[in-house]
1. Tell me the net charge near ASP385. Cut-off is 14 Å between Cβ atoms, ASP385 excluded, with +1 for each Lys or Arg and -1 for each Asp or Glu.
2. Give the relative contact order (percent, whole number) for segment 259-407; include only Cα pairs under 8 Å separated by 6+ residues.
3. What is segment 34-93's relative contact order, in percent, from Cα pairs under 8 angstrom and six or more apart in sequence?
4. Could you work out how much longer the chain between ALA65 and ASP84 gets when fully extended? Use 0.36 nm per residue separation minus the Cα distance between them, nm to one decimal.
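Coordinate-derived values only; no laboratory data. All values reported here derive from a predicted model rather than from experimental measurement. Cβ coordinates were reconstructed from backbone atoms using ideal geometry, including for glycine residues, and neighbour counts include every protein chain displayed.
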Amino acid sequence: MKQQLGGRTSAHGGVDTTPRRSGRAGAPTRPDEFWDAAPMRAAAAERHFGQLLREYRRASNVGQAEVAQWLGVSQGQISRIERDRSQVHDLDKLERWAKALKIPQRLLWFQLSGSRQTEFAGGEGGFNALRTVSRPDDQVGLGMRQLFRWLGNEATEEPEAPTENVFRAAAESYLRGGWYAFDEGEVALGSQRMRIALNLSRRSGEQALSAEILAALSFQSLFHGTLESAVPVIRMAEQAAEKTGLTLLRVEVASMAASCYAMMGDRDTCLQVLRKAEKSLETVNSSEPTDRLYLASGCALSFRFLGWPREAEGFARTAVKLSERWPGVRLCTRTLLASALADQRKVEEACATTSQVVPRVAPIRPVRDQVCLTSVVRRLSKYGDDISVRTLYSQLAGVGVAVPRIG
């Protein structure tokens with residue numbers, strides 16, 4: 001029997017915690033505490049709208065019929081979305097549903113139109129509080145101060161004590177700043193910012209974010225040729241990702257770990273890590289392109305390091321197809337394919353593949369792009385008499401990539 005509580009009833013006989021909607025149609029606005037609860041963040045981290053929707057209903061104590069009205073679908077559709085293991089890929093639907101439920105951008109794996117790229121929990125107070133935890137920027141330099149201004153942090157008031165949300169927001173900012181520094185070739189500065197991010201994420205209690213930062217640190221160590229420092233960090237990242245229980249995060253970290261083991265020549269551990277990641281994706285039946293892109297790229301890079309260019313080519317082609325929606329990684333996946341082709345003496349195709357992603361005018365600035373292109377240049381150097389290599393070298397030299405002189 002339902003219990004009456006001040007005119008509001010609860011089906012489970014307790015207090016009905018569902019916020020009032022003040023007579024307006026649609027989902028009510030939930031407080032930050034609702035969205036920042038650990039189960040909600042864990043559901044969002046799986047990047048599966050059905051899981052996020054199911055946790056939303058559980059936490060807010062609402063039925064499928066009511067949510068169906070808010071989203072403009074049938075109750076049967078809500079049931080199917082929650083049960084279906086496959087992802088919803090229609091971005092228009094995802095955006096419409098997310099806005100209907102008033103899900104904050106920080107929980108979403110896709111960008112809402114009209115929202116800023118980075119959103120911090122806690123509203124404007126979060127921006128004010130960032131000044132408290134961004135003081136280490138005095139030791140980091142002007143770059144982070146510019147970054148905070150770009151994020152909109154113009155307030156001057158500071159809270160007495162930063163919240164966990166603020167530590168997490170600051171950690172994400174320093175992580176972003178670390179990537180910026182690496183892309184500008186400032187390796188030491190990038191590493192310093194990421195280590196600050198790691199300390200802040202640990203203070204926030206965000207294991208998933210800590211694992212992501214550790215993976216980023218190991219990736220940068222690997223990318224810049226310091227394997228001895230990459231291996232212990234990637235092992236810490238693997239342990240941290242395992243503790244979160246988030247399958248897709250484990251796959252992302254495993255893809256980087258496999259490359260480290262391949263560079264060490266540890267073939268057995270590399271293959272073991274990749275097989276485990278593949279089984280994890282099969283378990284959640286993920287069809288999300290980004291998840292498969294991580295694994296395909298990790299396999300291609302690992303097999304290239306192991307000296308298996310044919311296998312590397314197959315996975316690199318898969319990565320190229322999956323990266324078409326993301327211009328920012330297209331150059332990396334195509335040069336990965338070109339390297340595998342060059343290692344098999346498929347010179348003309350390697351040159352054509354690389355040429356497709358070389359910009360026509362502006363110099364290439366991100367160091368990651370420079371390193372990717374330089375790797376192809378090095379592999380093609382033995383074929384300097386080939387006209388396709390000469391043409392590509394001329395194109396690369398025009399955008400600032402160092403190429404060997406051909407007599």
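1. On the way: positive: ARG345, LYS382, ARG390, ARG405; negative: GLU348, ASP386.
Every neighbour counted, the sum reads +2.
2. RCO, segment 259-407: 17 percent.
3. 31 percent
4. Full extension from ALA65 to ASP84 adds 5.1 nm.
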